[in-house]
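The values are calculated or read from the model by the stated rules, or taken from the named source; none is laboratory data. These figures come from a predicted structure and were not determined experimentally. When we count neighbours, we look across all protein chains shown, and the Cβ atoms used for this are built from the backbone with ideal geometry, even at glycine.
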Amino acid sequence: MAAAPLCALNLAVAACGDTLVFPLSPFFLKEKAAALSRYARHRVSCLFHGHAEWESLLAEAGRRHGLPPGLLEAVVEVESHTRVHRISAAGAMGPAQLTAGTATFLGVADPFDPASALDGAARYLASHLQRFGTIPLAAAAYNAGPGAVRGQVPRNGETEYYVQKVLEEYSRRKAAPVPAARSPSRMAEPSRLPLPSPTPATR
């Protein structure tokens, strides 16, 4: 790709996706172009309809799929800092940073729509937790793909640090005081995980 179109694509991802991308980066061009196309379609809708309230969507998705309270919130915080329209330098999309392949597998038509994206992310994370049995391995599978997790967190220069951030955020949320309007006993209920279907290594 010539320098001018390459620079234009990367700058568009940086501006629309609220992310840091080197202007002449030659990587993930197809993924970034596809993410920008989905972003443009989404923006037409959300300009008129907006988005539902964040905290309730996160909590409801986590409960619906049997995740420990605070785990989905921790993953989304690390993935996107809860930015609805984030596009990564690799073309991952939305608050849960779903790739196009993962979104298709999960049936998420619009990765920038919080309700759909967070439900898909919760299902995906719950399937990893059921399969691997521990939160560190489930977080590693969310980041690197389940095929990369062979009994331990992959040490690839990214995933080990990603897992550490998720665990720190999860611990911080567990240690936070329970709001008065919510029942502490409900928060303490053990999670029940659904049986997952096989998931591909798409991240």
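Just one of the listed residues (45, 80, 88, 56) is modelled with pLDDT under 95, of a type in the set (Gly, Ala, Ser) and within 30 Å of residue 175 (Cβ to Cβ), namely 56.
Taken together, the residues in segment 33-42 that are among the polar types (S, T, N, Q) and either under 16 Å from the mean Cα position of the chain (by Cα) or modelled with pLDDT under 90 (or both) amount to 0. Can you say whether residue 2 is touching a residue at least 12 places away in the same chain (Cβ under 8 Å) and surrounded by fewer than 16 Cβ atoms within 10 Å (Cβ to Cβ), as far as the supplied structure shows? When the stated conditions are applied, residue 2 does not pass them. Taken across segment 145-156, residues that are under 30 Å from residue 14 (Cβ atoms), free of Cβ contacts under 8 Å to residues at least 60 places away in the same chain and of a type in the set (Lys, Arg) do occur, with at least one present.
Among residues of segment 173-199 being modelled with pLDDT of 75 or more and out of contact with any helix residue (DSSP H, G or I) (no Cβ under 8 Å at 6 or more places or on another chain), the one that is farthest from residue 125 (Cα to Cα) is 175.
Residues in segment 112-145 that are among the polar types (S, T, N, Q) and under 18 Å from residue 165 (Cα atoms): 134, 143.
Of the residues 20, 29, which is out of contact with any strand residue (DSSP E or B) (no Cβ under 7 Å at 6 or more places or on another chain) and exposed (fewer than 12 other Cβ atoms within 10 Å of the Cβ)?
So the residue among 20, 29 that is out of contact with any strand residue (DSSP E or B) (no Cβ under 7 Å at 6 or more places or on another chain) and exposed (fewer than 12 other Cβ atoms within 10 Å of the Cβ) is 20.
Residues in segment 13-35 that are touching a helix residue (DSSP H, G or I) at 6+ places or on another chain (Cβ under 6 Å), in a helix (DSSP H, G or I) and not β-branched (Val, Ile, Thr): 16, 32, 34. Residues in segment 148-160 that are over 11 Å from residue 136 (Cα atoms) and exposed (fewer than 15 other Cβ atoms within 10 Å of the Cβ): 150, 155, 156, 157, 158.
Within segment 57-88, being touching an Asp or Glu at 6+ places or on another chain (Cβ under 7 Å) and closer than 13 Å to residue 114 by Cβ holds for 58, 61, 83, 85, 86.
Restricted to segment 103-134, and to residues there that are hydrophobic (A, V, I, L, M, F, W, C), over 16 Å from residue 62 (Cβ atoms) and in contact with a helix residue (DSSP H, G or I) (Cβ under 6 Å, 6 or more places away or on another chain), the residue that is surrounded by the most Cβ atoms within 10 Å (Cβ to Cβ) is 112. The sole residue among 98, 106, 72 that is in contact with a Phe, Trp or Tyr (Cβ under 7 Å, 6 or more places away or on another chain) and under 18 Å from residue 145 (Cα atoms) is 106.
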